[in-house]
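Just below is one structure, and these are the notes that go with it.
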Amino acid sequence: MIGYIDMNCGVRRNLIFCSWGPSILGPQAVFPKHQLRNPIMPYESISRKRHHYLKRDYLGNRFSEVDPLQSYTEDVEHWARKAKTRMHHLCQDLLRAAANPSLMAIAIDQIGRREILGEHADGFGSNQYPWDWFRSIRQRILDGTFRRGKFTKVKIPKIGKSGFRTIEIPDAESRILGRSLLNLLTPLVDPEFYQLSIGFRPKRNLAHGIAAAQLLFERGHRYMVACDIRDAFGQVPKQRMIQILRSRLHQSPVIWLIEELLDRSRKCGIPQGHSLSPLCMNVYLDNNLDRWWQESQLESVLVRYADDIAVFAESKQAAIAAYHSLQQRIQSCGLKLKEGPEEAVYDLGGGDRVQWLGMSLRCAGDSLKASLADSSWDKLRATLSEMKLRLQKHDVEHGLHLSGLQWLAQKAIAIEELSVPAVTDQIRCVGADLQVNMAQLTDDLAVEAWTIGRDIASRARVEVVDWLAEIKKAPTA
């Protein structure tokens, strides 16, 4: 069993090997042991009695051995999704669910107790929580008096570039509620997203993006448009985004809490650094870009990782046309692309190399080969530096080699087996430069992490094949 460092809390956790494969990709792909109780049965639709039991679990105000988040997920998938009126009624209860102390307890564990409680974390056992504080938050939510605290602005270096970018860290109460709301909203809105939107979504990762690029290349889409949205989080039209979210959540009362957490005084943009921001960005772009593209741009295929966009076409003319269509559509969304057509359009079949998602993509005969780009190493340096600071803050001096293993598994799709020892040595060198102890990063663990990553990449390819088939069959407007 391999451990990993939870990027949100700097705590070592053990991986649980699930039926869909082992994961070293991070918190979204791991099921903590307490969530393995009360397994979801593969019912087409649960009984009304079962629904009421589940509802009691996630709306009740008492801590129990039953996992309220798993009960909520089962209720969404096997009850609410079976009828529009059921979904409407569930959405009306979202505010009460967000105010549930038991769900706040799950959120605080996901973030990391030390991140929220600081030195007071040592005063609580594994199943002990600051219930009085949670109940105070609950009361303020339900009576409408909850107000977010101030954001803390933090400048962090841009990966692979000069300069800094600013993220905004919410106060402790807002972080807890943001994470809890993310847990509640994801099962509601994520299943409706465009299949090839792969960023900040459960059970999707970088391997799906690279697999999509490789499969589309093999199917004759050998021209690629690669571009970013300029300052996407800072420029997204907030009120338009809220209106879309309000519609998808059936006019739920929880919208006022979401607006409060995202700073209702802000006319434009959402705080980069808030748990809810990536989900909200996906909601906005799914509604205004992904669905529109699938329905109207039949000659090309869009793959999106948050604000990193790739479009694959069969000819240069189609690629250029796709770029201009994308540019116009993004502008109609109130956003702008960073690149012009000369920078964005690539002839992969003609030998052009593309830097995308931390990978360098190039033609190798009839296939598209991925290799590590410099930005991947820059990302590793940034991750190790951040984790080192977090662990020092919490007086923890070991375990950073797990971040190196996690990175290796994530990048395995671009690493050949014979290159694993050299890549492992380079990870150790990066650690040495940062004065990070990588002595526990053994060759055997590196091979195991690479094997896990390769297995996940193989599964990703199979899943993308199915998604491409679904996109092709999707009805057009």
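The values are calculated or read from the model by the stated rules, or taken from the named source; none is laboratory data. Please read these numbers as outputs of a predicted model, since none were measured by experiment. Positions of Cβ are backbone-derived with ideal geometry, glycine not excepted, and every protein chain shown enters the neighbour counts. Surface accessibility is based on the protein's heavy atoms, side chains included, excluding ligands, DNA and RNA. Shrake-Rupley method; radii C 1.70, N 1.55, O 1.52, S 1.80 Å.
Is one or more of the residues making up the range 184-201 surrounded by 13 or more Cβ atoms within 10 Å (Cβ to Cβ), small (Gly, Ala, Ser) and at positive phi? Walk me through it before giving the result.
Let us first name the residues in the range 184-201 that are surrounded by 13 or more Cβ atoms within 10 Å (Cβ to Cβ), namely 184-190, 193-201.
Remaining after also requiring small (Gly, Ala, Ser): 197, 199.
With the extra rule that they be at positive phi, the set shrinks to none.
The answer is no; no qualifying residue exists.
For ALA29, the conditions (1) at pLDDT below 80; (2) more than 18 Å from LEU182 (Cβ to Cβ); (3) touching a Lys or Arg at 6+ places or on another chain (Cβ under 8 Å); (4) open to solvent by less than 20 Å² (accessible area, probe 1.4 Å) are fulfilled apart from (2). From the set of residues in the range 343-377 that are under 30 Å from GLN435 (Cβ atoms) and part of a helix (DSSP H, G or I), which is least open to solvent (accessible area, probe 1.4 Å)? Looking at residues that are under 30 Å from GLN435 (Cβ atoms) and part of a helix (DSSP H, G or I), I get SER376. Can you find a residue that is modelled with pLDDT of 95 or more and either touching a Cys at 6+ places or on another chain (Cβ under 8 Å) or open to solvent by 50 Å² or more (accessible area, probe 1.4 Å) (or both) anywhere in the range 378-396? No, every residue in the range 378-396 fails to be modelled with pLDDT of 95 or more and either touching a Cys at 6+ places or on another chain (Cβ under 8 Å) or open to solvent by 50 Å² or more (accessible area, probe 1.4 Å) (or both).
The residues listed here are ALA172, ALA207; of these, the one that is open to solvent by 30 Å² or more (accessible area, probe 1.4 Å) and small (Gly, Ala, Ser) is ALA172. Can you spot a residue in the range 139-150 that is among the aliphatic types (A, V, I, L, M), open to solvent by 20 Å² or more (accessible area, probe 1.4 Å) and under 21 Å from the mean Cα position of the chain (by Cα)? So far as the range 139-150 goes, no, none of its residues is among the aliphatic types (A, V, I, L, M), open to solvent by 20 Å² or more (accessible area, probe 1.4 Å) and under 21 Å from the mean Cα position of the chain (by Cα).
A single member of ALA474, ALA409 is at pLDDT 95 or above and open to solvent by less than 50 Å² (accessible area, probe 1.4 Å), and it is ALA409. For the condition in a loop (DSSP other than H, G, I, E, B), under 30 Å from ALA313 (Cβ atoms) and over 26 Å from the mean Cα position of the chain (by Cα), GLY220 qualifies. In the range 224-241 there is at least one residue matching the filter, namely being without any contact (Cβ under 8 Å) to a residue 60 or more places away in the chain, within 26 Å of ILE176 (Cβ to Cβ) and either charged (D, E, K, R) or open to solvent by less than 10 Å² (accessible area, probe 1.4 Å) (or both). The sole residue among ALA422, ALA439, ALA432 that is out of contact with any Gly (no Cβ under 7 Å at 6 or more places or on another chain), assigned to a loop (DSSP other than H, G, I, E, B) and open to solvent by 50 Å² or more (accessible area, probe 1.4 Å) is ALA439. More than 26 Å from the chain's Cα centre (by Cα) and part of a helix (DSSP H, G or I) - does that describe any residue in the range 448-464? No, every residue in the range 448-464 fails to be more than 26 Å from the chain's Cα centre (by Cα) and part of a helix (DSSP H, G or I). The single condition from (1) open to solvent by less than 10 Å² (accessible area, probe 1.4 Å); (2) closer than 30 Å to ALA97 by Cα; (3) under 22 Å from the mean Cα position of the chain (by Cα); (4) not aliphatic (A, V, I, L, M) that ARG304 fails is (2).
Matching residues to (1) at pLDDT below 95; (2) under 20 Å from SER296 (Cα atoms); (3) under 24 Å from the mean Cα position of the chain (by Cα):
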position	(1), (2), (3)
ALA310	no, yes, yes
ALA322	no, yes, no
SER325	no, yes, no
GLN328	no, yes, no
SER332	no, yes, no
TYR346	no, no, no
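When the range 304-327 is filtered for residues that are charged (D, E, K, R) and within 15 Å of HIS208 (Cα to Cα), the ones remaining, listed by number, are ARG304, ASP308. For the range 427-465, residues that are modelled with pLDDT of 95 or more and of a type in the set (S, T, N, Q) total 3. Determine whether ARG201 is part of a loop (DSSP other than H, G, I, E, B) and either among the basic types (Lys, Arg) or without any contact (Cβ under 8 Å) to a residue 24 or more places away in the chain (or both). Criteria met by ARG201.
Being under 22 Å from ASP374 (Cα atoms), among the β-branched types (Val, Ile, Thr) and in contact (Cβ under 8 Å) with a residue 12 or more places away in the chain is not true of ILE176.
Hey, among LEU302, LEU289, LEU276, which residue is of a type outside the set (Val, Ile, Thr), at pLDDT 95 or above and in contact with a Lys or Arg (Cβ under 7 Å, 6 or more places away or on another chain)?
Of LEU302, LEU289, LEU276, the one residue that is of a type outside the set (Val, Ile, Thr), at pLDDT 95 or above and in contact with a Lys or Arg (Cβ under 7 Å, 6 or more places away or on another chain) is LEU289.
Need the failing condition index for HIS221 against (1) open to solvent by 10 Å² or more (accessible area, probe 1.4 Å); (2) under 30 Å from ASP57 (Cβ atoms), just the number. That leaves (2) as the condition not met.
Within the range 52-88, the set of residues being in a helix (DSSP H, G or I), under 18 Å from GLU192 (Cβ atoms) and either open to solvent by 10 Å² or more (accessible area, probe 1.4 Å) or in contact with a Gly (Cβ under 7 Å, 6 or more places away or on another chain) (or both) comprises THR73, GLU77, HIS78, ARG81, LYS82, LYS84, THR85, ARG86, MET87, HIS88. Selection over the range 226-273 of residues that are more than 22 Å from the chain's Cα centre (by Cα), modelled with pLDDT of 95 or more and of a type in the set (A, V, I, L, M, F, W, C) gives a count of 1.
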